[in-house]
Amino acid sequence: MPAAATSIQFDEVTLGYGRRPAVHHLHGEIAPGSLTAVVGPNGAGKSTLLKGIVGTLRPLEGRIRLTGPANARIAYLPQAAEIDRTFPLSVYDLVAMGLWSRSGLFGSIGAKDRARVEQALDAVGLIGFERRPIATLSGGQMQRALFARLLLQDSPVILLDEPFTAIDAKSTADLLDVVRRWHDESRTVVAVLHDLDTVKRVFPQTLLIAREPVAWGETSDVLSAENLLKARRMVEAHDPHAAPCHRGAA
């Protein structure tokens, strides 16, 4: 369990590629220990936002800060398409990679760590799959293994990019239980999602973006028909060649 909950603060953040903004005018805070969904139409900048938080994409403007322990780590699960399943790894080895932050890339795994790996596999329903090559797993089984790896990272901040896309209903339900467990442990969880029914049922807070914030707050307030229509129209009207704009500029 993390030593202290961690918040994510945005100070007039603009994120983009080659000076072209993908998300801009983002200002506010994801509260420590909160469970937040990020939703919006295709092309709204949802995955870009997570990459900015994790640090693989530096802001064009503004700043993203984590408040909490100085050594706070982020556990990040990218979209399934970004994960190479052809690499010759067993399920056990994939899950054990979650220990790297403590043992190092070539560090040995002792009895306590092996027990933790087994506990993580048990938590996601993969006992008996330890020696299976990851290339042989179904989509749901692979996502379970990746969640087990996140469990071992034991991070105060967890970012999930479309974690339930194209997996079976049973895996989705089981992994949502893991998400609820993280929330109960006061971890800060942010998930990009498309299924608004799941968002309404599980996630108390929602950020609706369409390359800039449309609404942010309690899910029941954010996911109004008016806000969703506004987000869709904003993305449809977006100029892909637009340069970054500045608040307060003449």
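Data for the structure
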| read-out | value |
| --- | --- |
| Which listed residue, of Glu12, Glu61, is touching a Ser or Thr at 6+ places or on another chain (Cβ under 8 Å), more than 28 Å from Thr198 (Cβ to Cβ) and acidic (Asp, Glu) | Glu61 |
| Output for the stretch 126-154, where each listed residue is touching a Ser or Thr at 6+ places or on another chain (Cβ under 8 Å) and either outside any helix (DSSP H, G or I) or polar (S, T, N, Q) (or both) | Glu130, Arg131, Arg132, Pro133, Gln141, Gln143, Gln153 |
| Residue match in the stretch 14-28 (condition: under 27 Å from Gln143 (Cα atoms) and either over 15 Å from the mean Cα position of the chain (by Cα) or buried (at least 20 other Cβ atoms within 10 Å of the Cβ) (or both)) | no |
| Filter result for Lys200 (more than 13 Å from the chain's Cα centre (by Cα), in the same structural domain as Val222 (by TED's automatic domain parsing), part of a helix (DSSP H, G or I) and surrounded by fewer than 16 Cβ atoms within 10 Å (Cβ to Cβ)) | yes |
| Pick from the stretch 150-178, criterion among the hydrophobic types (A, V, I, L, M, F, W, C) and touching a strand residue (DSSP E or B) at 6+ places or on another chain (Cβ under 6 Å), ranking: surrounded by the fewest Cβ atoms within 10 Å (Cβ to Cβ) | Leu150 |
| Criterion (in contact with an Asp or Glu (Cβ under 8 Å, 6 or more places away or on another chain) and closer than 18 Å to Ser47 by Cβ) met by exactly one of Val192, Val214, Val124 | Val192 |
| Hits in the stretch 213-238 - residues which are at pLDDT 95 or above, part of a loop (DSSP other than H, G, I, E, B) and surrounded by 15 or more Cβ atoms within 10 Å (Cβ to Cβ) | Leu223 |
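This table checks each residue for (1) basic (Lys, Arg); (2) at pLDDT 95 or above.
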site	(1), (2)
Ile64	no, yes
Pro69	no, no
Arg73	yes, no
Ser108	no, no
Phe129	no, yes
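The values are calculated or read from the model by the stated rules, or taken from the named source; none is laboratory data. Remember, it's a predicted structure, so these values are computed and weren't measured experimentally. Positions of Cβ are backbone-derived with ideal geometry, glycine not excepted, and every protein chain shown enters the neighbour counts.
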